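Trainee: The structure follows.
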Amino acid sequence: MAEREVYPIEVEFPDISAYAEGNAGLPYAYTFDSSVPGPHVMINALTHGNEVCGAIAVCGLLDAGLRLRRGKLTLAFANVDAYARFDPANPDASRFVDQDFNRVWSEAALDDASRDSSELRRARAMRPLVDSVDWLLDLHSMHERSAPLNVCGPHDKGIALARRLGVPAWIVSDAGHPEGRRMRDYGGFGEAGSPKEALLVECGQHWEAQAVAVARDCSARFLLLAGVIDEQDLPAGWLAAPGAPVKVVRVTEPVVARSMDFRFAGPYTGLETFPEQGSVIGWNAGEPVTTPYPNCVLVMPSLRQLRAGVTVVRFGQLLP
Ligand SMILES: [Zn+2]
C-alpha cells in the first residue's frame, strides 16, 4: 500500500555543526540587520528533525552571504537535537526528541514552568527572537509524495499572502491541530487583526531532491515579496519557472480513526479531489467514510501513525 511505501533518501543531510554558534545570542540562529527600515523576516528550518529540505535551503542562504537591502533577516534551525539523531535506517524516528516542536507554541504551554521537554526548552529559547519577527516562513516536508502545499492558517490574511507568493500552487487554509499550537499560529501570526504574517510550506516528500528545489524557490520568493532583498541578490538557480495557477482549499474537518481497523479506498497521497458529495474514500471500523460536500479534497492522508484517535486525513473544500 502507498501508506507504507518506503521512499529513497535522495538528498545529503548537511552537517550543520558549523552554524552552532549563531549570532543572535541563540545557537543555530543568525540575524542580519540592513539598518534600513523594513520588516523582520525569518526563514526557519527543522521544526521537524527529519525534514531536511529546509535545512539545505537555510544552509544555502547562510553560505551565500546574502546582501540585505531592507529590514532584518533571521535564518534558523529549530529542532537541532532531533536532527542530530537522524538515522538513515530509521528515518521517521527523528521527527522530534520528546514531543512535536510544532505543537508547543501556545502561551499556556510556553509559560507553564511545570512542563518540560527538549522541544519546550528550544521553543522557550527561540521565543524572544520569534516575538520580534514580522514575516515567518517555516519550511517543512511530508511523509508521502504529494504536490507541495502552502499551509497558510485559518485567516483571510494568510490566504491573501499565499496567493501573492504564488507558490506552492496548492494553498491549504486550516486552524491547526487540537494537540497543540503550531509555530505558524503563535502570537500575532495567528491573529486575524495583527499585521504579522506566517506561512508553513510543505515542500514535498521528506527525502526527495525536488523538495529542496521547492524550499529554495519559496524562500527566494518570500524574501523578494517581503522586500528585504532584490532579485539580483539571490543565489543562482533558486527561482523556479512560474508554476500553475493557485488553488485554495479550506480544511473543514478531520477523519479520526476509531481503531486500527481503518483503510482507504485507494492509494491516496494527498490532494485527490472528489466532485461528488458522498464519495466513499475509506472504511473506519467497517463503516464507510464519505465526502461531506462536492469538490472535496483529501489533505495529507496517512496511516503511518495509525491508532485509535489519530487523524488519518482531513477534508478540505476547494474555494472558487
Ligand atoms: Zn513538518
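The values are calculated or read from the model by the stated rules, or taken from the named source; none is laboratory data. Since the structure is predicted, the reported quantities are computational estimates derived from the model, not experimental observations. Positions of Cβ are backbone-derived with ideal geometry, glycine not excepted, and every protein chain shown enters the neighbour counts. Heavy atoms of the whole protein, side chains included, go into the accessibility calculation; ligands, DNA and RNA do not. Shrake-Rupley method; radii C 1.70, N 1.55, O 1.52, S 1.80 Å.
Trainee: Cα centroid distance between segment 268-320 and segment 147-163, in Å?
Mentor: 20 Å
Trainee: Can you give me the distance in nm between label points at residue 225 and residue 89, each placed 7 Å from the Cα along the Cα-to-Cβ direction?
Mentor: Placing both labels 7 Å along Cα→Cβ, they lie 4.2 nm apart.
Trainee: For the chain, just list the percent of Cα-Cα distances falling in each 10 Å bin from zero outward, please.
Mentor: For the chain, the pair-distance distribution reads 6, 27, 36, 23, 7, 1, 0.
Trainee: Right, another one. Could you state the orientation-averaged shadow area of the convex hull built on the Cα atoms of segment 252-319, in nm² to one decimal?
Mentor: 4.0 nm²
Trainee: Moving on to the next point. Would segment 104-216 count as rounded, prolate or oblate if I go by the C-alpha gyration tensor, calling it rounded below 1.5 in a/c and otherwise prolate when a/b exceeds b/c, oblate otherwise?
Mentor: Because a/c hits 1.5 or more and a/b fails to exceed b/c, segment 104-216 counts as oblate.
Trainee: Another question about this same structure. Springs between alpha-carbon pairs under 10 angstrom, Gaussian network model over the chain: which of 28, 186, 293 fluctuates most?
Mentor: Answer for the Gaussian network model of the chain: 293.
Trainee: Oh, and also: Using +1 on the beta carbon of Lys and Arg, -1 on that of Asp and Glu, and nothing else charged, what's the dipole of segment 1-118 about the Cα centre, debye to 20? It would help to have the intermediate numbers written out before the result.
Mentor: On the way: 9 positive and 18 negative charges, 126 e Å.
For this selection, approximately 600 debye.
Trainee: Separate question: Near the amide H of residue 261, under 5 Å away, which other amide H atoms are found, from residues 5 or more places off or on another chain, if H is placed in the peptide plane?
Mentor: Sorted by chain and number, the residues that satisfy this are 285.
Trainee: Same structure again: Please give every one of the lysines within straight-line cross-link reach of residue 247, meaning a C-alpha to C-alpha distance under 17 Å, and leave out same-chain neighbours fewer than 8 residues apart.
Mentor: Once the sequence-local lysines are set aside, what remains near residue 247 is 157.
Trainee: Multiply the residue separation of residue 310 and residue 191 by 0.36 nm, subtract the distance between their alpha-carbon atoms, and state the gained length in nm to one decimal.
Mentor: 40.1 nm
Trainee: Could you work out which residue, out of 143, 155, 40, moves most in a Gaussian network model of the chain, that is, has the largest mean-square fluctuation with Cα springs under 10 Å?
Mentor: Among 143, 155, 40, the largest GNM mean-square fluctuation belongs to 155.
Trainee: Cut-off 10 angstrom, C-alpha nodes, Gaussian network model of the chain. Which of 126, 142, 260 fluctuates the most?
Mentor: Top of the fluctuation ranking is 260.
Trainee: Carbon and sulfur: what percent of the chain's accessible surface (1.4 Å probe)?
Mentor: Values: 6840 of 13390 Å².
Carbon plus sulfur share of accessible area: 51 percent.
Trainee: Still on this structure, I have one more. Please return the longest stretch of the chain lacking exposed loop sites, where GluC sites (Glu not before Pro) count only if DSSP places them in a loop and at most 16 other Cβ atoms lie within 10 Å.
Mentor: With GluC sites (Glu not before Pro) excluded where exposed in loops, the chain gives 22-178 as its longest stretch.
Trainee: For segment 191-252, how big is the tail of P(r) above 15 Å, as a whole percent of Cα pairs?
Mentor: 64 percent
Trainee: Given the Cα-Cα distance of residue 107 and residue 261 and 0.36 nm per residue of separation, how much length would full extension add, in nm?
Mentor: 51.8 nm
Trainee: If you don't mind, there's one more thing I want to ask. If you average the C-alpha positions of segment 27-68 and of segment 174-208 separately, how far apart do those two centres end up, in angstrom?
Mentor: With segment 27-68 and segment 174-208 each reduced to a Cα centre, they are spaced 17 Å.
Trainee: Still on this structure, I have one more. Using the heavy atoms of the protein chains and a 1.4 angstrom probe, tell me the accessible area per residue for segment 77-118 in square angstrom.
Mentor: Each residue of segment 77-118 exposes 48 Å² on average to a 1.4 Å probe.
Trainee: Now for a different question. Using a basic spin-label model with each label point 7 Å from the Cα along Cα→Cβ, how many nm lie between residue 293 and residue 236?
Mentor: In this crude label model, residue 293 to residue 236 measures out at 4.9 nm.
Trainee: If you don't mind, there's one more thing I want to ask. Length gain on complete extension for the stretch residue 125 to residue 35, per 0.36 nm per residue less the alpha carbon to alpha carbon distance? Please list the in-between numbers first.
Mentor: Details: separation 90, 0.36 × 90 = 32.40 nm, distance 2.49 nm.
Result for the pair: 29.9 nm of gain on full extension.
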